[in-house]
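Since the structure comes first, as structure tokens, the remarks are kept for the end.
The values are calculated or read from the model by the stated rules, or taken from the named source; none is laboratory data. The model shown is predicted, which means the values in this text are computed figures rather than measured ones. Cβ placement follows ideal geometry from the backbone for every residue including glycine, while neighbour counts extend to all protein chains displayed. To get the accessible areas, we keep the full protein, side chains included, count just its heavy atoms, and leave off ligands, DNA and RNA. Shrake-Rupley method; radii C 1.70, N 1.55, O 1.52, S 1.80 Å.
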Amino acid sequence: DEPSAAPPRPRRSPQPTQRSRPHGRRKPPSTTGTLLRLVLQHPTWAARMPVGLVPDDSPEGLALIAIIDLCSLGEPIPSGGLGALIERFRETPHAETLSRVAAELVEAEFDEAVVETLFEDALRKLQIDGVGKEITALLQRDREQGLDAAGRHRLGELLLEKRNLASSGKVSDL
């Protein structure tokens, strides 16, 4: 028997340990999360958002939709800043999400010089995502049962819209 050159190495777990993460690092917010943070800082901007673009598949999206609905129903945005807005939603399913995001805002810093551009870019991303989802749904329907003339026409419109949105670039790139 010939001795092996080196003893086998202990196997490392591919899972990162909690200690290996730098303190204070967290996953960046989603587009919806970014928009919610911006709207919490500038509540009147909710009136500029098409509610149909906001995905309702997360607590942040649902809270953002609630704020947009508040504006679209003609209710005044509570004066008194962030605290007043959170208080307005205190007895709703959105209270916990809004309180958590507001607490995160204390740690986050948005440069007021670029906050409008960030808002416009996030809206454009939601628009591109919405068009992409509709294209995917139409393509799926085409594979399963085919598209009628109206469906093919809509798919053509969406593909053109997606190309135009993508070619126009971010507001921040202009």
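All of (1) surrounded by 17 or more Cβ atoms within 10 Å (Cβ to Cβ); (2) of a type outside the set (S, T, N, Q); (3) closer than 16 Å to LEU38 by Cβ hold for HIS94 with one exception: (3). The set of residues in the range 97-129 that are open to solvent by 30 Å² or more (accessible area, probe 1.4 Å), of a type outside the set (Asp, Glu) and within 22 Å of SER167 (Cα to Cα) comprises VAL114, THR117, LEU118, ARG124, LYS125, GLN127, ILE128. Being β-branched (Val, Ile, Thr) and in contact with a helix residue (DSSP H, G or I) (Cβ under 8 Å, 6 or more places away or on another chain) is the filter here; which residues of the range 123-172 pass it? If the condition is that a residue be β-branched (Val, Ile, Thr) and in contact with a helix residue (DSSP H, G or I) (Cβ under 8 Å, 6 or more places away or on another chain), then ILE128, VAL131, ILE135, VAL171 are the ones that fit.
Quick one: would you say GLY61 is part of a loop (DSSP other than H, G, I, E, B) and of a type in the set (Gly, Ala, Ser)? Judged against the criteria, GLY61 is not a match. Checked against the criterion of being within 23 Å of GLU116 (Cα to Cα), open to solvent by less than 60 Å² (accessible area, probe 1.4 Å), modelled with pLDDT of 90 or more and of a type in the set (Val, Ile, Thr), the range 52-65 has at least one qualifying residue.
Restrict the check to the range 28-45 and report whether at least one residue is among the polar types (S, T, N, Q), in a loop (DSSP other than H, G, I, E, B), closer than 28 Å to ALA166 by Cα and modelled with pLDDT of 90 or more. Scanning the range 28-45, I find no residue that is among the polar types (S, T, N, Q), in a loop (DSSP other than H, G, I, E, B), closer than 28 Å to ALA166 by Cα and modelled with pLDDT of 90 or more, so the answer is no.
If you go through the range 68-82 and keep only what is more than 17 Å from VAL54 (Cβ to Cβ), in a helix (DSSP H, G or I) and either in contact with a helix residue (DSSP H, G or I) (Cβ under 8 Å, 6 or more places away or on another chain) or open to solvent by 50 Å² or more (accessible area, probe 1.4 Å) (or both), you end up with just LEU82.
Here is the figure for the range 100-117: residues that are outside any loop (DSSP other than H, G, I, E, B) and either within 19 Å of SER58 (Cβ to Cβ) or touching a Gly at 6+ places or on another chain (Cβ under 9 Å) (or both) total 7.
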